[in-house]
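Engineer: The following block contains the structure, expressed as structure tokens.
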Amino acid sequence: MRKILIIEDDLNLIELYETKFKMEDFSVLTAADGAEGLSKAGKEQPDVILLDILMPNVNGFEVLKELKAKPETKNIPVLVYTNLGSSDSDEKRELAFSLGAADYLVKALHEPEAIVERVNLLLQPKKSPKSKSR
Amino acid sequence: MRTPLLKRETTIAKNRTSTAAILDQLTLPAAILVGGLLTHANRALKSMLSKTQLDSLPVHQHMQQIVRQALLVRDTLTVTIALGTKNFRCIITPVKDQEETVIVFFEDKSLEAQSEKNNALLYRLSLLFATTKLSPNEKLQVTVDHIIFELPVYNCSIFLFNKMDEKLHSVAWGTDNIETSISGKSTFALGEGIAGMVAAELKPMVIPDVSSDKRFVRKTTASRGLALLCVPMISNNQLFGVICANRKKETTFTDYDVQLFTTIASRLSSLLEAEQTRAEILEQRNKMEAIIEHSVDGILMTDGADRIQIWNPALERLTGIEAHETIGRPMSAIDSLAPLTGKTKREEVTETKIQNRKTGKIIWLGIARSPIRSGKSIAGYVAIIRNISRRKELETARNEFVSTASHELRSPITAIVGYLSMLRRGDAGKIVSSQQLFFVDKAYYNAKRMVDLVEDLLTATRVESGQLRYQIESLNLASVIESVLSDCRFRSTEKKLTITSNQANNALVFADRNGIHQVITNLINNAIQYTPAKGKITISFKQASKEGRPMLVTAVRDTGVGINTAHQHRVFEKFARADNPLSISSGGAGLGLYITRSIISHLGGKIWFENNKVRGTTFYFSLPMAPTPGRERKV
């Protein structure tokens, strides 16, 4: 069974994505903040990580940096997703990719089904798409 | 034979008449003598000599001799004769083709001495005007004093014309003889009294006897028996005032005096004009200096060699750099104001962040800089520099607010759309009734509209702060339209609308995919919203060209309510919904067409619309065409 770690501070959204990924036969781990996410990623070794940007204490970019800095987590593909989409959204996307994100998307513009598709793409062995969606 | 002779005499007589007319124009006294008889004395001569003196002229012994000699040698001769108490130098000139005729010019020898004095006077006046540090009015008074001292006049006064009240005001006055001094009235309206008339008509006047002249208004016992000369002071068609002089009526003013005073008047008006110009320049300079000194905005000027010429106090406060450190130095020496260096042919508006050297504070400056054109070359630059830190703070705060607010709005919508989409897909089991499905669809599409609204809000903010960024690629419009139509299918089916999209052979354009998706979504959503049930929406393409560049024009035609004429000019404005419930908006915020136009113009296209003849509206937008791969581009 594929294992996904969702690092997300909004409980409603954790619930939504947890439900959806379970339906898609994922084993789902959740973390409500960056510190918890980092420790779970190291311990549980998920196949893929869904990472929010705007979170209390440690934001998603810092979490991403740490994930990519540690040997035990640096090879796990990370899909950065956010509902931030202000005037500097392009910079956020670029920053995410420069820090080693495998994909980037805006939550509101993607239904759970679409997120599952994007995650599946990351889990296919050879392909590493960097599709730039809104 | 009589006839030709008669003709000749007539011609001569005619010539004499015309000669006499010419002599009358001269200010120099002159007479015509024919066969030793006086046939004409010009006005100047008549005003100089008495009747008896005139009659004695032809019989004057000396005169007779010289006239005969001159006629004999047919050349000009000169003789000095005494008439009354005066000596005259007479210049006798035979007239060509007129037998026995001579013209005699008279020069008053006593005037020669006066003439020298007059020249000396004019010279001294020039020196006075040019060199002394007296005020203009003091100079006029000294002029009057000189005139009284040097010329045979009793009184002299100067009036200046005031443009504000249109009156003449006495500014300088002098007298040689207190008994004949005329005083009293010192102000004259135009046309009032002799001075006022001269000022109105701009011509010199001589009044031989003021006591018998009704126009003279300052009649006193002192004025009895006086002659008056009044000359206007004019320069470049502008009246500066008049100069007046009196003398005894027995020695009234001659043309010569008029000429002399006209010369003095012209010198005075040149002086006054120069004074006026100087005052105007000074006033202009004071105004300019006041603007530069007291402006709240920084003002900077550089010359053609990029050296700083003006650095005003406001700029000192903004930068913390003093004017004395910058004036005369090259602009490039001021590191913190880099946007102000470099050449440009047009006005430039820029923003830059600097650190004030004195306070250390970081501030934002807005700079509007424009070249000073001198013919074809640029003679420097002028820049207005303003502290825009407050505006920048507000901009940042607004952007942050929109960013946070949209994030907060999006989170619950994401959950709503997420669950509804799963419900529709049957993730929670099949929906039993068609009405249940209908309700879920309704909820789902309205939640999606909220997503679009937040998206519009964010895009509008990006448009406002100029942060829209595009990835231009060659893309097929038809495929974008297809994808938008499939997104809209629910709403269009619901209203039973027929949407047709004409096939285009080549719908390849240069554009940004996300941007153009938003444009088409907005236009089709609008069309759906404003077209009543069972209506038609048609999308078609045609080629056009703009400045030789091939463009693809897309038309979205609906059979809706049309756009109210009163709102047509506002359609592309922000929040164009206004008070009309049927006005334009994509989803409700009234931002749709505002964003649409911004995107299209950023992509190098144009957007416009027209109401259809029958019903509905057609929106058009153009975009640069991309060449079809593997084929020659059609131009």
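The values are calculated or read from the model by the stated rules, or taken from the named source; none is laboratory data. Quick caveat: nothing in here was measured; it's all calculated off a predicted structure. No Cβ is skipped: glycine too gets one built from the backbone with ideal geometry, and neighbour counts run over all protein chains shown.
Engineer: So which of B:Arg369, B:Arg398, B:Arg373 is among the charged types (D, E, K, R) and within 30 Å of A:Asn12 (Cα to Cα)? Give the derivation first.
Structural biologist: Working: B:Arg369 fails: within 30 Å of A:Asn12 (Cα to Cα); B:Arg373 fails: within 30 Å of A:Asn12 (Cα to Cα).
It is B:Arg398.
Engineer: How about region B:405-462: which of its residues are among the polar types (S, T, N, Q) and facing another protein chain (nearest Cβ under 9 Å)? Explain how you work it out, then say what you get.
Structural biologist: Of the residues in region B:405-462, the ones among the polar types (S, T, N, Q) are B:406, B:411, B:414, B:421, B:433-436, B:446, B:459, B:461.
Result: B:Ser406, B:Ser411, B:Thr414, B:Ser421, B:Thr461.
Engineer: Among the residues of region B:261-273, is any touching a residue at least 60 places away in the same chain (Cβ under 8 Å), over 33 Å from the mean Cα position of the chain (by Cα) and farther than 26 Å from B:Asn42 by Cβ?
Structural biologist: No, there is no match, as no residue in region B:261-273 is touching a residue at least 60 places away in the same chain (Cβ under 8 Å), over 33 Å from the mean Cα position of the chain (by Cα) and farther than 26 Å from B:Asn42 by Cβ.
Engineer: Within region B:333-390, track down each residue that is among the aromatic types (Phe, Trp, Tyr) and assigned to a helix (DSSP H, G or I).
Structural biologist: Within region B:333-390, the first condition is being among the aromatic types (Phe, Trp, Tyr), and the residues that meet it are B:364, B:381.
The answer is none; no residue qualifies.
Engineer: Anything in region B:473-484 that is surrounded by fewer than 17 Cβ atoms within 10 Å (Cβ to Cβ) and within 14 Å of another protein chain (Cβ to nearest Cβ)? List them, or say none. Write out each step before concluding.
Structural biologist: Pass one, region B:473-484, residues surrounded by fewer than 17 Cβ atoms within 10 Å (Cβ to Cβ): B:473-474, B:476, B:479, B:482-483.
The answer is B:Glu473, B:Ser483.
Engineer: Give B:Gly535, B:Gly562, B:Gly515 a once-over and let me know the one that is at positive phi and surrounded by 14 or more Cβ atoms within 10 Å (Cβ to Cβ). Steps first, answer last, please.
Structural biologist: Numbers: B:Gly535 fails: at positive phi; B:Gly515 fails: at positive phi.
Just a single option satisfies the conditions, and that option is B:Gly562.
Engineer: Taking the stated definitions as given, is B:Leu315 buried (at least 18 other Cβ atoms within 10 Å of the Cβ), within 28 Å of the chain's Cα centre (by Cα), in contact (Cβ under 8 Å) with a residue 24 or more places away in the chain and over 30 Å from B:Glu192 (Cβ atoms)?
Structural biologist: Against the criterion (buried (at least 18 other Cβ atoms within 10 Å of the Cβ), within 28 Å of the chain's Cα centre (by Cα), in contact (Cβ under 8 Å) with a residue 24 or more places away in the chain and over 30 Å from B:Glu192 (Cβ atoms)), B:Leu315 qualifies.
Engineer: Residues that are not aliphatic (A, V, I, L, M): which strands (runs of 3 or more DSSP E) entirely in region B:19-137 hold 3 or more of them? Explain how you work it out, then say what you get.
Structural biologist: Details: elements: B:30-34, B:37-41, B:77-83, B:86-94, B:101-108.
Counting at least 3 such residues, we get B:86-94, B:101-108.
Engineer: What single numbered condition from (1) exposed (fewer than 15 other Cβ atoms within 10 Å of the Cβ); (2) modelled with pLDDT of 80 or more; (3) under 24 Å from B:Lys249 (Cβ atoms) fails to hold for B:Asn87?
Structural biologist: Looking at each condition in turn, B:Asn87 falls short on (2).
Engineer: Considering only region B:274-312, how many residues are without any contact (Cβ under 8 Å) to a residue 40 or more places away in the chain and in a helix (DSSP H, G or I)?
Structural biologist: The qualifying residues number 20.
Engineer: Still on this structure: Looking at region B:186-214 only, could you name the residues that are assigned to a loop (DSSP other than H, G, I, E, B), touching a residue at least 24 places away in the same chain (Cβ under 8 Å) and under 26 Å from B:Ser47 (Cα atoms)?
Structural biologist: B:Leu202, B:Lys203, B:Pro204, B:Pro208, B:Asp209, listed by residue number.
Engineer: How about region A:28-56: which of its residues are within 14 Å of chain B (Cβ to nearest Cβ), of a type outside the set (A, V, I, L, M) and part of a loop (DSSP other than H, G, I, E, B)?
Structural biologist: Listed by number, the list holds a single entry, A:Pro56.
Engineer: Between B:Ala379, B:Ala428, which is in contact (Cβ under 8 Å) with a residue 60 or more places away in the chain and of a type in the set (A, V, I, L, M)? Walk me through it before giving the result.
Structural biologist: Numbers: B:Ala428 fails: in contact (Cβ under 8 Å) with a residue 60 or more places away in the chain.
Among B:Ala379, B:Ala428, only B:Ala379 is in contact (Cβ under 8 Å) with a residue 60 or more places away in the chain and of a type in the set (A, V, I, L, M).
Engineer: Pick from A:Asp10, A:Asp25: which is acidic (Asp, Glu), surrounded by 15 or more Cβ atoms within 10 Å (Cβ to Cβ) and either within 14 Å of chain B (Cβ to nearest Cβ) or touching an Asp or Glu at 6+ places or on another chain (Cβ under 8 Å) (or both)?
Structural biologist: Details: A:Asp25 fails: surrounded by 15 or more Cβ atoms within 10 Å (Cβ to Cβ).
Answer to the selection: A:Asp10.
Engineer: Might you check whether a residue that is at negative phi and within 14 Å of chain A (Cβ to nearest Cβ) occurs anywhere in region B:485-500?
Structural biologist: Step one: filter region B:485-500 for residues at negative phi, giving B:485-495, B:497-500.
Cutting the leftovers down to within 14 Å of chain A (Cβ to nearest Cβ) gives us B:487.
Yes - at least one qualifying residue is present in region B:485-500.
Engineer: Would you check if B:Ser157 is of a type in the set (Gly, Ala, Ser) and farther than 30 Å from B:Leu38 by Cβ? I'd like the intermediate steps shown before the answer.
Structural biologist: Numbers: of a type in the set (Gly, Ala, Ser): yes; farther than 30 Å from B:Leu38 by Cβ: yes.
Taking the combined requirement at face value, the residue satisfies it.
Engineer: Related question: For region B:384-404, what are the residues that are of a type in the set (Ser, Thr, Tyr) and more than 8 Å from every other protein chain (Cβ to nearest Cβ)? Don't jump to the end; show me each part of the working.
Structural biologist: Let us first name the residues in region B:384-404 that are of a type in the set (Ser, Thr, Tyr), namely B:389, B:396, B:403-404.
If the condition is that a residue be of a type in the set (Ser, Thr, Tyr) and more than 8 Å from every other protein chain (Cβ to nearest Cβ), then B:Ser389, B:Thr396, B:Thr404 are the ones that fit.
Engineer: A:Asn59 - would you say it is within 14 Å of chain B (Cβ to nearest Cβ), of a type in the set (S, T, N, Q), surrounded by 20 or more Cβ atoms within 10 Å (Cβ to Cβ) and out of contact with any Leu (no Cβ under 7 Å at 6 or more places or on another chain)?
Structural biologist: On the way: within 14 Å of chain B (Cβ to nearest Cβ): yes; of a type in the set (S, T, N, Q): yes; surrounded by 20 or more Cβ atoms within 10 Å (Cβ to Cβ): no; out of contact with any Leu (no Cβ under 7 Å at 6 or more places or on another chain): yes.
Considered against the rule, which asks whether it is within 14 Å of chain B (Cβ to nearest Cβ), of a type in the set (S, T, N, Q), surrounded by 20 or more Cβ atoms within 10 Å (Cβ to Cβ) and out of contact with any Leu (no Cβ under 7 Å at 6 or more places or on another chain), A:Asn59 comes out as no.
Engineer: Go through region A:82-103 and give me each residue that's more than 14 Å from every other protein chain (Cβ to nearest Cβ) and of a type outside the set (A, V, I, L, M). I'd like the intermediate steps shown before the answer.
Structural biologist: If we filter region A:82-103 for residues that are more than 14 Å from every other protein chain (Cβ to nearest Cβ), which is where we start, we get A:95-103.
Within region A:82-103, A:Phe97, A:Ser98, A:Gly100, A:Asp103 meet the criteria.
Residue by residue, here is whether (1) more than 25 Å from B:Val451 (Cα to Cα); (2) out of contact with any strand residue (DSSP E or B) (no Cβ under 6 Å at 6 or more places or on another chain) holds:
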{"residue": "A:Gly37", "(1), (2)": "yes, no"}
{"residue": "A:Lys40", "(1), (2)": "yes, no"}
{"residue": "A:Glu44", "(1), (2)": "yes, no"}
{"residue": "A:Asp47", "(1), (2)": "yes, no"}
{"residue": "A:Leu50", "(1), (2)": "no, no"}
{"residue": "A:Leu54", "(1), (2)": "no, yes"}
{"residue": "A:Val58", "(1), (2)": "yes, yes"}
{"residue": "A:Ala69", "(1), (2)": "yes, yes"}
{"residue": "A:Tyr81", "(1), (2)": "no, no"}
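Engineer: Right, next: Given the options B:Glu400, B:Glu408, B:Glu455, B:Glu464, name the one that is on the phi < 0 side of the Ramachandran plot, under 60 Å from the mean Cα position of the chain (by Cα) and crowded, with 20+ Cβ neighbours inside 10 Å. So that I can check it myself, show each step before the final result.
Structural biologist: Numbers: B:Glu400 fails: crowded, with 20+ Cβ neighbours inside 10 Å; B:Glu408 fails: crowded, with 20+ Cβ neighbours inside 10 Å; B:Glu464 fails: crowded, with 20+ Cβ neighbours inside 10 Å.
The match here is B:Glu455.
Engineer: Another question, if that's okay. Taking A:Lys20 as the residue in question, decide whether it is farther than 20 Å from B:Arg410 by Cβ and either within 13 Å of chain B (Cβ to nearest Cβ) or surrounded by fewer than 18 Cβ atoms within 10 Å (Cβ to Cβ) (or both). Show your work before the answer.
Structural biologist: Details: farther than 20 Å from B:Arg410 by Cβ: no; either within 13 Å of chain B (Cβ to nearest Cβ) or surrounded by fewer than 18 Cβ atoms within 10 Å (Cβ to Cβ) (or both): yes.
The answer is no for A:Lys20.
Engineer: Separate question: Scan region B:96-113 residue by residue and report those that are over 16 Å from B:Leu45 (Cα atoms) and crowded, with 18+ Cβ neighbours inside 10 Å.
Structural biologist: Taking region B:96-113 first, the residues over 16 Å from B:Leu45 (Cα atoms) are B:96-101, B:112-113.
Selection gives B:Thr101 alone.
Engineer: Somewhere in region A:68-81, is a residue at pLDDT 95 or above, within 14 Å of chain B (Cβ to nearest Cβ) and either surrounded by 18 or more Cβ atoms within 10 Å (Cβ to Cβ) or assigned to a helix (DSSP H, G or I) (or both)?
Structural biologist: No, there is no match, as no residue in region A:68-81 is at pLDDT 95 or above, within 14 Å of chain B (Cβ to nearest Cβ) and either surrounded by 18 or more Cβ atoms within 10 Å (Cβ to Cβ) or assigned to a helix (DSSP H, G or I) (or both).
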